[in-house]
1. Does I200 qualify as being in contact with a strand residue (DSSP E or B) (Cβ under 6 Å, 6 or more places away or on another chain) and more than 22 Å from G87 (Cβ to Cβ)?
2. Looking at E27, E52, which one is closer than 28 Å to L243 by Cβ and either acidic (D, E) or in contact with a Pro (Cβ under 6 Å, 6 or more places away or on another chain) (or both)?
3. If I go through segment 28-48 residue by residue, how many of them are more than 19 Å from I193 (Cβ to Cβ) and of a type in the set (D, E)?
4. Quick check on D86: is it of a type in the set (D, E, K, R), surrounded by 21 or more Cβ atoms within 10 Å (Cβ to Cβ) and either more than 22 Å from N116 (Cβ to Cβ) or in contact with a Leu (Cβ under 8 Å, 6 or more places away or on another chain) (or both)?
5. Exactly one of these conditions fails for P138: (1) in contact (Cβ under 8 Å) with a residue 40 or more places away in the chain; (2) not in a loop (DSSP other than H, G, I, E, B). Give me its number.
6. Would you pick out the residues in segment 76-107 that are part of a strand (DSSP E or B) and among the acidic types (D, E)?
Amino acid sequence: MQLATNEKQKELKSHGRFEFPVFISQEVLSRYERGSFTWHWHPEIELTLVLEGRISYQVNNQIYQLQRGDGLFCNSNALHTGHMIDGADCYYISTTFHPRMIYGFEGSTLQKDFVNPLIADAAPGSIAFSKDIPWQVPVLDVMHQIYQLYLEHPPSFELQVQYYLTSIWLSIYSHTAADLSKEGQTISPGRDIERLRNIIGYIQEHYSEKITLEDISAEINICKSECCRFFKKHMNESLFDYLMYYRIEKSLPLLSENKRSISEIADQTGFSSSGYFSRVFREQMQCSPTQYRNGRKGGGDF
């Protein structure tokens, strides 16, 4: 499977309901195609607690190698993605919540003084939580308590979740309000993130067509060389590599459906020929498209 997003990479999944805008779920990377979830963002805050294994988690331009017991705060509207490390699976608990779980209602003192400063453009896009940092140990303990609430779901579930989320928010606010550039944080300038969204959005919307560097650079109104440099700096890979990765990712469910020929899938995912598609596919997946199709159909693991 893969996450459903719109043309701007905003995740379309509902994160809770209006009356209680919190969504808690157990996740495992192997559920996603290629053991990774695609770049996306959402207005909700996301807390991740690694239960087993490791995950390479990137938020904006910051990459974290998280292992069992580690946690992560991903801020509102931050671009993020996650990948397996060395092909090994990772189990984690994800808690997403709208900021109004903390501030209550629009225009409140809590919103103006304690929430808006932490979700503004100059605020940290992410914070990694480790047992090696004293102030973060209680935060991780509370994240574990949220996980227990998720498993047990007592009658006071909603009230306790709000209490725990507020506790975490207070800890984050107390340790970031004075200095937003402390180690373990990444600043997310709004203009750069919007540019990234536009680039990724253009690729994801037009991946099935012929895309040129001129097309992408025109989309964000900068020169071609600056476009390449900007993307490489923030995404840690080239524009071309990302385009090829995304095209191959979009081909996987089509291969699994077994309704189209290899040539049709190559054309549908933006490759100039089935031979080129097969070559790139083998480089990324270590098998041919036909082998992948047969392996999926027969229950094999590639």
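The values are calculated or read from the model by the stated rules, or taken from the named source; none is laboratory data. All of these numbers come straight from a predicted model, not from anything done at the bench. Ideal geometry is used to build each Cβ from the backbone, glycine not excepted, and the neighbour counts take in all protein chains shown.
1. Numbers: in contact with a strand residue (DSSP E or B) (Cβ under 6 Å, 6 or more places away or on another chain): yes; more than 22 Å from G87 (Cβ to Cβ): yes.
Against the criterion (in contact with a strand residue (DSSP E or B) (Cβ under 6 Å, 6 or more places away or on another chain) and more than 22 Å from G87 (Cβ to Cβ)), I200 qualifies.
2. On the way: E52 fails: closer than 28 Å to L243 by Cβ.
Going through E27, E52 in turn, the sole match is E27.
3. Of the residues in segment 28-48, 1 are more than 19 Å from I193 (Cβ to Cβ) and of a type in the set (D, E).
4. Numbers: of a type in the set (D, E, K, R): yes; surrounded by 21 or more Cβ atoms within 10 Å (Cβ to Cβ): no; either more than 22 Å from N116 (Cβ to Cβ) or in contact with a Leu (Cβ under 8 Å, 6 or more places away or on another chain) (or both): yes.
Spelling it out, it is not the case that D86 is of a type in the set (D, E, K, R), surrounded by 21 or more Cβ atoms within 10 Å (Cβ to Cβ) and either more than 22 Å from N116 (Cβ to Cβ) or in contact with a Leu (Cβ under 8 Å, 6 or more places away or on another chain) (or both).
5. Going through the list (1) in contact (Cβ under 8 Å) with a residue 40 or more places away in the chain; (2) not in a loop (DSSP other than H, G, I, E, B), P138 breaks only (1).
6. The first filter runs over segment 76-107 and keeps only residues part of a strand (DSSP E or B), leaving 80-83, 85, 88, 90-97.
Scanning segment 76-107 gives no hits.
Let's see how each residue does on (1) at pLDDT 95 or above; (2) under 27 Å from the mean Cα position of the chain (by Cα):
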| position | (1), (2) |
| --- | --- |
| C223 | no, no |
| C227 | no, yes |
| K250 | no, yes |
| S256 | no, yes |
| R260 | no, no |
| E264 | yes, no |
| S272 | no, no |
| R282 | no, yes |
| C287 | no, yes |
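Conditions tested, residue by residue: (1) assigned by TED's automatic domain parsing to the domain that holds Q145; (2) of a type outside the set (A, V, I, L, M, F, W, C); (3) more than 29 Å from Y246 (Cβ to Cβ); (4) without any contact (Cβ under 8 Å) to a residue 60 or more places away in the chain.
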residue	(1), (2), (3), (4)
F73	yes, no, no, no
N77	yes, yes, no, no
G82	yes, yes, no, yes
D89	yes, yes, no, no
M101	yes, no, yes, no
G104	yes, yes, yes, yes
P124	yes, yes, no, no
